[in-house]
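Shown next, in C-alpha cells, is the structure this report addresses.
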Amino acid sequence: MTTRFRRSATLAALALPLALLTACGGSSDDAAGSEGSAGALELTALDYYTDEPSHSNTQKRLSDCAAEVGATITQSSVPAAQYNAKVLQQISTKSLPDVLMVNNPDLPQFASTGALAPLSELGVDTSAYLPSVLETGRYEDELYGLAPNVNTLVLYYNKTMLQEAGLAVPTTWAELEAAAAKLTTPDRYGFAYSAAAGTEGTWTFVPFLWSNGGSQLELTAPEAQEALSFYTGLAAKGYVSQSVVNWTQADVKDQFAAGKAAMMINGPWQIPSLKETAGLDWASTTIPVPQAGDTPVAPLGGELWTVPRTGGEREEAAASIVQCLNSSETQLEMATTSNTVPSNQQAAQQLAQQQPEMQSIVDTVTTAQSLTGDSGLKWTKVSDELATAIAAVITGQASVPDALQAAQVAING
C-alpha cells in the first residue's frame, strides 16, 4: 500500500504491499537535518521511510515546512518492523519527537496513552479535507492526525476478457458472481483476492463486510455471515482459487497481469506494474455492493502526521509543520508520483482529471472509512481472528457460522 498500509500489511503477515497492502527498505536507522540560523528552534521528526527516495523527499518537505516557522528539523527513520515498538518506548520514556508519523490503524493505540496533542487545540485548519479522511485521524472524537494522502481498494478487471464474454462491468454481488462464473475457464479464474493471514486478508474482505452493514466487532451478526458466505462461496464454487489463502496482494496482481484471473480486488499501488504489462487492457471500478444503490464502504490506508505532547512553542511549531505537510500542493505532488489520493477535496478531483485511472480510487475514498473505525483498540486482534476465519472457511476447515463464532469468542475473550 507507498502507503504504509502495504508496508504494515506485509509486516502483519510476519506477525498488504495496510499495504494492505512492499515493506520499507532495509537501510539502517537514519537521521538527516538542515542547518538553521543561530537561535532557531530545533525540532525532531520520526517516520519509517528508511528507503530512498522516500527518506530524502520527506526530509526535504520537513525542512521546507520548518523553515516557514523559523525552525530546523532533524528526521530519524526507523524500519517499519521496529517502528511501533520504538514509538511505545518513546512514549514510556517521554522522549517522543516533535512531529510523529503514524500508520492510521495504529493511531488509537498511541492516542489512548495521552501522548498526542489534539490538533483542534493547535489551530490546525481541516476545512478542505475529505470528511472520510479526517476520520482516520480521530480517536474518541478528537482529531490527532492528518493524512496528506490515502489509498483504498477497488475492483480491477480485464477489459478484453469482459468484452469477449459480453459482460458489463459488475456493480452488485449478483453481477460479480455471474461475471466470475462466466469468466472462469480451465486456464483462468474469474476472480481473485488476497486471503493471506494477517492484515492483507482482512483488509481485502472488509469492504464486503462493511458494504453489507456489518461490523468487525459483531462477526456473528447476519450481516457478517452473509458477507463471508458470499465472499468465500466464490472460492467454493471454483470461481476463485483456494490458493488465495497464500496469496499476497502482489501475488494477486501477478495472477491478474498474467491473465490467470479476469478480475481482482487490489489497490492503486499496483497501477505502475499494470501499466508496464504488455498487452494488458485493464480498468477499475468501485467494489460491487450487495444491492443496486448500496454505498461501497472500503477501508482507508495511509500515514498520519501527529504532534506529540512537548509543550508550548514546540507544539505550536510542530502543528504548523503538520499543516504545511498537508498543503494541497504537496498532496497533489505526492499523489501523482505514488498513486495515492490527496486528502484535500479539490486536489483529489484534480488528480482524477489528470490521471483518469485514479477516478475509481477517488470515488471510493469519498465513502471509505478508517480501518479501525469500528474496532478501535481491538483492531490487531480483530485482524488476526478474522483472517483466520476467512482462511478456515475457504479451505473447508470450518463453516461460516463456526468460523465467525470462534473469531468472536477470541475477540471478546
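The values are calculated or read from the model by the stated rules, or taken from the named source; none is laboratory data. Every value quoted in this text rests on a predicted model; they were computed, and no experiment measured them. Glycine gets a Cβ as well: all are built from the backbone with ideal geometry, and neighbour counts include every protein chain shown. When the accessible area is computed, the model is the full protein with side chains, heavy atoms only, and any ligands, DNA or RNA have been set aside. Shrake-Rupley method; radii C 1.70, N 1.55, O 1.52, S 1.80 Å.
7 Å from Cα along Cα→Cβ at both T336 and T113: what's the point-to-point distance in nm?
Once both label points are built, they end up 3.8 nm from each other.
Which semi-axis lengths, in whole Å and largest first, follow from the square roots of five times the eigenvalues of the Cα gyration tensor of segment 216-303? Can you show the working numbers first?
On the way: eigenvalues 131, 57, 36 Å².
Gyration-tensor ellipsoid for segment 216-303: 26, 17, 13 Å.
Which translational diffusion coefficient, to the nearest whole µm²/s, is obtained for segment 111-242 from the Stokes-Einstein equation, given a Kirkwood hydrodynamic radius over C-alpha pairs, 20 °C and 1.002 mPa s? Mind showing how you got there, number by number?
Working: Rh = 17.8 Å.
Rounded, D is 120 µm²/s.
Taking only protein heavy atoms into account and a 1.4 Å probe, give the accessible area per residue of the chain in Å².
Per-residue value: 38 Å².
So how do 381-389, 319-327, 217-225 stack up, highest first, on mean other-Cβ count within 10 Å? Mind dumping the intermediate values first?
Working: 381-389: 23.6, 319-327: 21.6, 217-225: 17.7.
Those peptides, ordered most packed to least, come out 381-389, 319-327, 217-225.
Please compute the volume of the convex hull spanned by the alpha-carbon atoms of segment 192-254 and report it per residue in Å³. Write down the numbers at each step before the final one.
Working: hull volume 4.9 nm³, N = 63.
Normalising the Cα hull of segment 192-254 by residue number yields 78 Å³.
Straight-line reach from K381: which lysines have a Cα under 24 Å away, not including same-chain ones fewer than 8 places off?
Within the straight-line cut-off, K381 pairs with K86.
Multiply the residue gap between K94 and T185 by 0.36 nm, knock off their C-alpha separation, and tell me the result in nm, one decimal place. Please report the intermediate quantities before stating the final value.
Working: separation 91, 0.36 × 91 = 32.76 nm, distance 5.91 nm.
Length gained between K94 and T185: 26.8 nm.
Using mean Cβ contacts within 10 Å as the protection proxy, how do 366-375, 199-208, 47-56 order, highest first? Could you put the intermediate results ahead of the total?
Working: 366-375: 22.2, 199-208: 29.6, 47-56: 18.9.
Packing proxy ranking, top to bottom: 199-208, 366-375, 47-56.
With every protein chain left in place, what is the accessible area of R61 in Å² (1.4 Å probe, nearest 10)?
50
Please report the accessible area of V297 (heavy atoms, 1.4 Å probe, ligands and nucleic acids excluded) in Å², nearest 10.
Using a 1.4 Å probe on the heavy atoms, I get roughly 30 Å².
Going highest first, how would you order 248-256, 85-93 by mean Cβ packing within 10 Å? Could you put the intermediate results ahead of the total?
Details: 248-256: 23.4, 85-93: 14.3.
Averaged packing, sorted descending, gives the order 248-256, 85-93.
D294: accessible area at probe 1.4 Å, nearest 10 Å²?
Surface accessible to solvent at D294 totals approximately 60 Å².
Over all pairs of distinct alpha carbons, what does the Kirkwood formula give as the hydrodynamic radius of segment 288-392, in Å?
On the way: mean 1/r = 0.0606 Å⁻¹.
That comes to 16.5 Å for segment 288-392.
Compute the relative contact order of segment 137-191 as a whole-number percentage, counting only Cα pairs closer than 8 Å that sit 6 or more residues apart in sequence. Present the calculation step by step, with values, prior to reporting the outcome.
Details: 26 pairs, mean separation 9.8, N = 55.
Worked out over segment 137-191, it gives 18 percent.
Answer with a single label: of (1) 103, 58, 43; (2) 57, 53, 48; (3) 71, 49, 39, which was calculated as Cα extents along the principal axes in Å from the structure in view?
So the calculated entry is the one marked (3).
Note down the nm distance, to one decimal, between modelled labels 7 Å out along Cα→Cβ at V409 and at D64.
About 5.6 nm separates the two model spin labels.
How much of the accessible area of the chain, probe 1.4 Å, is carbon plus sulfur, in whole percent? Show your work: numbers first, answer last.
Working: 7390 of 15740 Å².
Percent of accessible area from carbon and sulfur atoms in the chain: 47.
With unit charges on the beta carbon (Lys/Arg positive, Asp/Glu negative), name the residue among M264, T295, V240 whose Cα is farthest towards the positive pole of the charge dipole of segment 198-332.
V240
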